[in-house]
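What follows is a set of notes on a single structure, which appears directly below.
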Amino acid sequence: MKSPEFESPVHDVLVIGAGMAGASVAAHLAEKCPENFSVHLIEREDQPGYHSTGRSAALFSEIYGSAPVRALTRASRAFLEHPPESFAAHTLLEPRPTVFVATAAQAEAFDVMQQQEDIKAGTRWISPAEAAALCPILRADELIGALIEDASADIDVHGLHQGYLKRFRALGGALTLGADVEAITREGELWQVKTRVGTFVAKTVVNAAGAWAGQIGALAGAQDIGLMPKRRTAILVEPPAGMNPARWPMIMDVGEEFYFKPDAGMLLVSPCDETESPACDAQPEELDVAIAADRVMTATTLQIRRVSHSWAGLRSFVADRTPVSGYDPKLKGFFWLAGQGGYGIQTAPAMAELAASLILDGTVPARLADFGVDASALAPDRLLASG
Ligand SMILES: Cc1cc2nc3c(=O)[nH]c(=O)nc-3n(C[C@H](O)[C@H](O)[C@H](O)COP(=O)(O)OP(=O)(O)OC[C@H]3O[C@@H](n4cnc5c(N)ncnc54)[C@H](O)[C@@H]3O)c2cc1C
């Protein structure tokens, strides 16, 4: 079908942003949609995954984040462990336990953490000495205890993202790169999305623009959902001479002031910074790099003499730090898929399955509900001023 005014094909769904959120929902939509249903994915950059998706720490943890995030993560495990045939060349999840360490100053946060039923079920308490046996650079005498999550894992982020894009294309979907959205207007029942490379016309628009989702919402005339991008820094450093960290767990402190994990023979370290930022191509600040090195040297015996590589990316949150998935209550055909914060990789399969189902028929798949996924906890109307 062609739009008479614009001579452009009318897509049933136009997804804006081809990071993990946009690529995954496009693939799920293409799979679930009826015949002759058209899904188009547009991306501003020449390379999808250039922003937050390409900068993550690749952690899969079922006890990390708010309760709705944890439910989405649990519901994502099956897809990551058993993706569709030929989805990815390698396994997407490589087991790596995570050890959440606590100092005396963090005793209260440690207690609160241990009171959550699902966290209790997904972890076991270990002594400082046991934690140090798993990661010999930890200063055990600084710790009061630790929780180990045996079932956490490293995610092959590139494999997952490329798998979604490949699947989307194989199911007949199309991706346009270099399509920077400049204006969004509504004419009758259709959205017109003007980009540098042409105007796209669609019945439904999915806003999966990551840190720019607030701006895309504003272009469409939506109310502000209070999305705030926050910069997070990561550095790569050499492990101590003569030590092979490949089998060390990921180490994170319960106050989320630092984490480190093995990464291809190096150690990936983050100071867990959350500096408010405009949506942009985030770059690491020298101070945050120094804080990362300092915090990990305080918690361990590691001596950092050189930072091999550093980068930063944006983790975008709304006020309750829970992602947003649902139709805008005031703008017909405008769907939010945003605010994934620091969990947008590990929750992607369940978020995409849910979003595709909400877009197509407004239902929550029973499989997701069984994991405790509740659409109302994710709906954008929880964030909008009433009236
Ligand atoms: C340092 C760091 C560590 C992290 N670690 C983890 C982790 O261990 N586990 C985890 O699950 N998550 C982690 N995350 C979070 C995760 O990376 C994000 O939640 C996820 O990548 C968000 O995906 P997205 O598709 O929403 O955003 P993005 O990947 O940023 O994609 C949004 C896309 O929209 C496009 N776009 C924006 N505006 C426009 C426009 N006007 N027109 C067209 N296209 C547009 C952008 O170019 C971009 O490609 C981490 C993030 C950072 C920064």
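The values are calculated or read from the model by the stated rules, or taken from the named source; none is laboratory data. Bear in mind the structure is a predicted one, so any value in this text is a computation, not a measurement. So basically every Cβ, Gly included, is an ideal-geometry build from the backbone, and we count neighbours across all protein chains shown.
With respect to residue 157, determine if the residue is at pLDDT 95 or above, farther than 23 Å from residue 31 by Cβ, within 16 Å of the ligand (Cβ to nearest atom) and of a type outside the set (Gly, Ala, Ser). The answer is no for residue 157.
Of everything in segment 162-182 that's in a helix (DSSP H, G or I) and within 14 Å of the ligand (Cβ to nearest atom), which residue is farthest from residue 10 (Cα to Cα)? Break it down into steps so the answer makes sense when it comes.
The initial filter retains those residues of segment 162-182 that are in a helix (DSSP H, G or I), namely 162-170.
In the following step, the residues that additionally are within 14 Å of the ligand (Cβ to nearest atom) were identified as 162, 164-165, 168.
Values: 162: 26, 164: 23, 165: 21, 168: 18 Å.
By that ranking, first place goes to 162.
Residues in segment 48-71 that are more than 6 Å from the ligand (Cβ to nearest atom), assigned to a helix (DSSP H, G or I) and not aliphatic (A, V, I, L, M): 54, 68, 70.
Quick check: anything in segment 197-207 over 27 Å from the mean Cα position of the chain (by Cα), free of Cβ contacts under 8 Å to residues at least 40 places away in the same chain and assigned by TED's automatic domain parsing to the domain that holds residue 352?
So the first thing to find is which residues in segment 197-207 are over 27 Å from the mean Cα position of the chain (by Cα), and the list is 197-199, 201.
With the extra rule that they be free of Cβ contacts under 8 Å to residues at least 40 places away in the same chain, the set shrinks to 197.
In the following step, the residues that additionally are assigned by TED's automatic domain parsing to the domain that holds residue 352 were identified as 197.
Yes, there is a match, as at least one residue in segment 197-207 is over 27 Å from the mean Cα position of the chain (by Cα), free of Cβ contacts under 8 Å to residues at least 40 places away in the same chain and assigned by TED's automatic domain parsing to the domain that holds residue 352.
Filtering segment 287-343 to residues that are over 15 Å from residue 268 (Cβ atoms), of a type outside the set (A, V, I, L, M, F, W, C) and within 12 Å of the ligand (Cβ to nearest atom) leaves 315, 316, 321, 323, 325, 339, 340, 341, 343.
In segment 312-341, which residue that is surrounded by fewer than 16 Cβ atoms within 10 Å (Cβ to Cβ) and under 20 Å from the mean Cα position of the chain (by Cα) is nearest to residue 137 (Cα to Cα)?
To start, the set of residues in segment 312-341 that are surrounded by fewer than 16 Cβ atoms within 10 Å (Cβ to Cβ) comprises 319-321, 329-330, 332.
Then keep just the ones that are under 20 Å from the mean Cα position of the chain (by Cα); that gives 319-321.
Details: 319: 36, 320: 35, 321: 32 Å.
Within segment 312-341, the match that is nearest to residue 137 (Cα to Cα) is 321.
Whether any residue in segment 4-11 is outside any loop (DSSP other than H, G, I, E, B) and out of contact with any Ser or Thr (no Cβ under 8 Å at 6 or more places or on another chain) is what I want to check. Steps first, answer last, please.
Pass one, segment 4-11, residues outside any loop (DSSP other than H, G, I, E, B): 9-11.
Narrowing further to those that are out of contact with any Ser or Thr (no Cβ under 8 Å at 6 or more places or on another chain): none.
There is no residue in segment 4-11 that is outside any loop (DSSP other than H, G, I, E, B) and out of contact with any Ser or Thr (no Cβ under 8 Å at 6 or more places or on another chain).
Tell me, please, whether a residue that is closer than 20 Å to residue 66 by Cα, over 18 Å from the mean Cα position of the chain (by Cα) and in a strand (DSSP E or B) can be found in segment 256-268. Walk me through it before giving the result.
Within segment 256-268, the subset closer than 20 Å to residue 66 by Cα is 256-259.
From what's left, over 18 Å from the mean Cα position of the chain (by Cα): 257-258.
With in a strand (DSSP E or B) added as a condition, the list becomes none.
Looking for residues that are closer than 20 Å to residue 66 by Cα, over 18 Å from the mean Cα position of the chain (by Cα) and in a strand (DSSP E or B), one finds none in segment 256-268, hence no.
Sub-8 Å Cβ pairs linking a first residue in segment 153-175 that is touching a residue at least 12 places away in the same chain (Cβ under 8 Å) to a second residue that is basic (Lys, Arg), at least 6 apart or interchain, are 153/96; 154/96; 154/261; 175/169, ordered by first then second residue.
Could you please find all residues in segment 110-143 being over 12 Å from residue 63 (Cα atoms), exposed (fewer than 15 other Cβ atoms within 10 Å of the Cβ) and aliphatic (A, V, I, L, M)? Within segment 110-143, 112, 129, 133 meet the criteria. A residue that is assigned to a helix (DSSP H, G or I), without any contact (Cβ under 8 Å) to a residue 24 or more places away in the chain and either touching a strand residue (DSSP E or B) at 6+ places or on another chain (Cβ under 8 Å) or among the acidic types (Asp, Glu) (or both) occurs somewhere in segment 77-85. Report yes if some residue within segment 119-126 is modelled with pLDDT of 95 or more, more than 30 Å from residue 164 (Cβ to Cβ), touching a Gly at 6+ places or on another chain (Cβ under 8 Å) and in a strand (DSSP E or B); otherwise report no. Yes, because at least one residue in segment 119-126 is modelled with pLDDT of 95 or more, more than 30 Å from residue 164 (Cβ to Cβ), touching a Gly at 6+ places or on another chain (Cβ under 8 Å) and in a strand (DSSP E or B). When segment 236-287 is filtered for residues that are among the charged types (D, E, K, R) and in contact with a Lys or Arg (Cβ under 9 Å, 6 or more places away or on another chain), the ones remaining, listed by number, are 238, 247, 253, 257, 261, 273, 274, 276, 285.
Among the residues of segment 193-214, those that are basic (Lys, Arg) and more than 10 Å from the ligand (Cβ to nearest atom) comprise 194, 203. In segment 215-230, is there at least one residue being more than 8 Å from the ligand (Cβ to nearest atom), of a type in the set (Asp, Glu) and in a strand (DSSP E or B)? No, segment 215-230 has no match at all. Among the residues of segment 360-373, which ones are surrounded by fewer than 16 Cβ atoms within 10 Å (Cβ to Cβ), under 21 Å from the mean Cα position of the chain (by Cα) and in a loop (DSSP other than H, G, I, E, B)? Hit for segment 360-373 is 372, nothing else. Residues in segment 261-271 that are in contact with a Phe, Trp or Tyr (Cβ under 9 Å, 6 or more places away or on another chain) and away from the ligand (no atom under 12 Å from the Cβ): 262, 267. In segment 18-47, the residue that is surrounded by the fewest Cβ atoms within 10 Å (Cβ to Cβ) out of those that are in a loop (DSSP other than H, G, I, E, B) and more than 6 Å from the ligand (Cβ to nearest atom) is 35.
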